[in-house]
Amino acid sequence: MKSIETLSAILATNFVLYVKTQNFHWNVQGPTFMMIHKMLEEQYENLAEANDEIAERIRSLGFLAPGSMKEFLAASLIDESPNDLPAEKMIQILADDHQAMVDKLKELIPVFAESGDDGTADMLTARIQFHQEKVWMLKSHLV
């Protein structure tokens, strides 16, 4: 079923974004360390909850959720990043990744809605709001 493959790709992307955000949380350096460190902690905690919500949605639809790093990396819309980047580069990468999620979710919501899967469409709509807010917050650190 194409919609489950798509939802699995969203889970994979969210999981990679979660790991990347936690990686940057651990490894950010510089004069704004504490502010960025705390902001990223809030973000990866939300992403972790979303991983569970998306996986449980897949299960509630009667399918197995992907659960290995190999599956996540193969299906993700974003790539991993090294952990030795300047803080500004970390912030830009995360802003770009959140924007990629917004763009993909906006594309997918009508697909789920048109197929009658309003529950998934509603869940993804809520995720758009989260990712849009993160784009704004992250980009605010770059001006």
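The values are calculated or read from the model by the stated rules, or taken from the named source; none is laboratory data. Every value quoted in this text rests on a predicted model; they were computed, and no experiment measured them. Here Cβ is always computed from backbone atoms with ideal geometry, including for glycine, and neighbour counts include all displayed protein chains.
Just give me the residues in segment 1-41 being without any contact (Cβ under 8 Å) to a residue 24 or more places away in the chain and among the hydroxyl-bearing types (Ser, Thr, Tyr), in sequence order.
Hits for segment 1-41: nothing passes.
For the list (1) surrounded by fewer than 19 Cβ atoms within 10 Å (Cβ to Cβ); (2) of a type in the set (A, V, I, L, M); (3) not in a loop (DSSP other than H, G, I, E, B), I need the number of the one condition that ILE54 fails.
In the conditions (1) surrounded by fewer than 19 Cβ atoms within 10 Å (Cβ to Cβ); (2) of a type in the set (A, V, I, L, M); (3) not in a loop (DSSP other than H, G, I, E, B), ILE54 misses (1) alone.
Kindly indicate whether LEU64 is within 21 Å of TYR18 (Cβ to Cβ), in contact with a helix residue (DSSP H, G or I) (Cβ under 9 Å, 6 or more places away or on another chain), free of Cβ contacts under 8 Å to residues at least 12 places away in the same chain and of a type in the set (A, V, I, L, M).
On the way: within 21 Å of TYR18 (Cβ to Cβ): yes; in contact with a helix residue (DSSP H, G or I) (Cβ under 9 Å, 6 or more places away or on another chain): yes; free of Cβ contacts under 8 Å to residues at least 12 places away in the same chain: yes; of a type in the set (A, V, I, L, M): yes.
Judged against the criteria, LEU64 is a match.
Among the residues of segment 1-52, which ones are closer than 30 Å to SER115 by Cβ and of a type in the set (Phe, Trp, Tyr)?
Within segment 1-52, PHE15, TYR18 meet the criteria.
Which of the numbered conditions does ASN46 fail, given that it passes all the others? Conditions: (1) within 12 Å of the chain's Cα centre (by Cα); (2) at pLDDT below 95.
If we test ASN46 against (1) within 12 Å of the chain's Cα centre (by Cα); (2) at pLDDT below 95, just (2) comes out false.
Here is a check on your reading of the model: is LEU11 under 14 Å from ARG127 (Cα atoms), touching a Pro at 6+ places or on another chain (Cβ under 8 Å) and buried (at least 22 other Cβ atoms within 10 Å of the Cβ)?
Numbers: under 14 Å from ARG127 (Cα atoms): yes; touching a Pro at 6+ places or on another chain (Cβ under 8 Å): yes; buried (at least 22 other Cβ atoms within 10 Å of the Cβ): yes.
Answer is yes for this residue.
I need the helices (runs of 4 or more DSSP H) fully contained in segment 64-143, keeping only those with at least 3 residues that are on the phi < 0 side of the Ramachandran plot, of a type outside the set (Lys, Arg) and touching a His at 6+ places or on another chain (Cβ under 8 Å).
Counting at least 3 such residues, we get 87-114, 118-140.
Any idea how many residues of segment 2-28 are β-branched (Val, Ile, Thr), at pLDDT below 95 and closer than 12 Å to SER76 by Cα?
Adding up the residues that qualify gives 1.
List, please: which pairs have Cβ atoms under 7 Å, are six or more places apart or on different chains, and start with a residue in segment 113-141 that is closer than 22 Å to ILE93 by Cα and end with one that is among the charged types (D, E, K, R) and modelled with pLDDT of 95 or more?
Final answer for the pair search is ILE128/LYS106.
Go through (1) touching a residue at least 60 places away in the same chain (Cβ under 8 Å); (2) closer than 13 Å to THR21 by Cα; (3) surrounded by 17 or more Cβ atoms within 10 Å (Cβ to Cβ); (4) over 13 Å from the mean Cα position of the chain (by Cα) and name the single condition ALA87 misses.
Among (1) touching a residue at least 60 places away in the same chain (Cβ under 8 Å); (2) closer than 13 Å to THR21 by Cα; (3) surrounded by 17 or more Cβ atoms within 10 Å (Cβ to Cβ); (4) over 13 Å from the mean Cα position of the chain (by Cα), the lone unmet condition for ALA87 is (1).
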